[in-house]
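To start, the structure itself, in structure tokens.
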Amino acid sequence: MFTGIVEELGEVVGLDRRQASAVLAVRGPVVTADARHGDSVAVNGVCLTVAGLAGDTFTADVMAESLDRSALGALRVGDPVNLERAATLGSRLGGHLVQGHVDGVGRLLAREPGEDWEVVRVGLPPALGRYLVEKGSITVDGVSLTVTEVTADAFAVGLIPTTLRLTTLGRKRVGDPVNLEVDVVAKYVEKLLEARASAPPHLTPSSGEIA
């Protein structure tokens, strides 16, 4: 579990592509400072397992599922990546609950610079639109952000100078892909409501009972 608060901007230093997987090597002095084999690190919002360590660099195996459902497959050596270690029970929840399980890939549609922040619009895969609400949370490339506007096929977020400076979102160009993870609470609520709607009448709580 993560919080969507990026700890450092790492760098891809190796990418070994295989038939249905890849081995990713990332340099990140902060996240490797106390890393151990088997630890979880979010790379651009994708939860990966540390498979090897060498100084300030870690390697991780990226399976076909992750390559297919995220933008990790588009990375190249030298690219910057957002890094966050898994949260502990004593961590501050500065963002929101993030699983590191990417739901889909969006693309930057527009950047609108402002005096103190920048509005970024992102194209939204159709299946994810129902999970977004204005002022709700979404994770974009591992960064916890507040949705400022939602349309049928896109959403907007506001980026403060710190986010622009310390994450990949300050460097993304129009047309670039980004990993998206919607709020997991919304998905659980949807599942529960579907189960309730399809339950036989005798198993559905009456209006006088506690659901």
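Can you say whether T139 is among the hydroxyl-bearing types (S, T, Y) and under 20 Å from V81 (Cβ atoms), as far as the supplied structure shows? Yes: the conditions hold for T139. Screening V157 against (1) in a strand (DSSP E or B); (2) crowded, with 17+ Cβ neighbours inside 10 Å; (3) in contact with a Gly (Cβ under 8 Å, 6 or more places away or on another chain); (4) touching a residue at least 24 places away in the same chain (Cβ under 8 Å) leaves a single unmet condition, (3).
So, A60, is that one buried (at least 16 other Cβ atoms within 10 Å of the Cβ) and either within 14 Å of the chain's Cα centre (by Cα) or at positive phi (or both) or not? Quick ask: steps written out before the conclusion?
Numbers: buried (at least 16 other Cβ atoms within 10 Å of the Cβ): yes; either within 14 Å of the chain's Cα centre (by Cα) or at positive phi (or both): no.
Taking the combined requirement at face value, the residue does not satisfy it.
The numbered conditions (1) more than 17 Å from V43 (Cβ to Cβ); (2) under 16 Å from the mean Cα position of the chain (by Cα) are all true for D153 except (2).
Under the condition of being assigned to a strand (DSSP E or B) and under 11 Å from the mean Cα position of the chain (by Cα), which residue from the range 160-191 is surrounded by the fewest Cβ atoms within 10 Å (Cβ to Cβ)? Steps first, please.
Within the range 160-191, the subset assigned to a strand (DSSP E or B) is 177-182.
From the residues that got through so far, the ones that are under 11 Å from the mean Cα position of the chain (by Cα) too are 178-182.
Details: V178: 25, N179: 26, L180: 25, E181: 28, V182: 22.
Once the filter is applied, the top-ranked residue is V182.
Of all residues in the range 6-32, exactly one satisfies the criterion of being of a type in the set (A, V, I, L, M, F, W, C), part of a loop (DSSP other than H, G, I, E, B) and modelled with pLDDT under 95, namely A20.
Is at least one residue of the range 91-113 hydrophobic (A, V, I, L, M, F, W, C), over 19 Å from V6 (Cβ atoms) and not in a loop (DSSP other than H, G, I, E, B)?
yes
Can you tell me how many residues within the range 35-46 are touching a residue at least 40 places away in the same chain (Cβ under 8 Å) and over 25 Å from V182 (Cα atoms)? Count: 1. When G73 is tested against (1) at pLDDT below 95; (2) in contact with a Leu (Cβ under 9 Å, 6 or more places away or on another chain); (3) not assigned by TED's automatic domain parsing to the domain that holds A35; (4) not basic (K, R), only condition (3) is not met.
Evaluate the following for G95: is it loosely packed, with under 15 Cβ neighbours inside 10 Å, in contact (Cβ under 8 Å) with a residue 60 or more places away in the chain and either over 29 Å from P161 (Cβ atoms) or not assigned by TED's automatic domain parsing to the domain that holds V147 (or both)? In short, no.
Would you confirm, using the coordinates I've provided, whether R130 is outside the structural domain of R18 (by TED's automatic domain parsing), outside any loop (DSSP other than H, G, I, E, B) and over 16 Å from the mean Cα position of the chain (by Cα)?
Numbers: outside the structural domain of R18 (by TED's automatic domain parsing): yes; outside any loop (DSSP other than H, G, I, E, B): yes; over 16 Å from the mean Cα position of the chain (by Cα): yes.
Yes; evaluated as a whole, the condition is true for this residue.
The values are calculated or read from the model by the stated rules, or taken from the named source; none is laboratory data. Since the structure is predicted, the reported quantities are computational estimates derived from the model, not experimental observations. Every residue, glycine among them, receives a Cβ derived from its backbone with ideal geometry; neighbour counts consider all protein chains shown.
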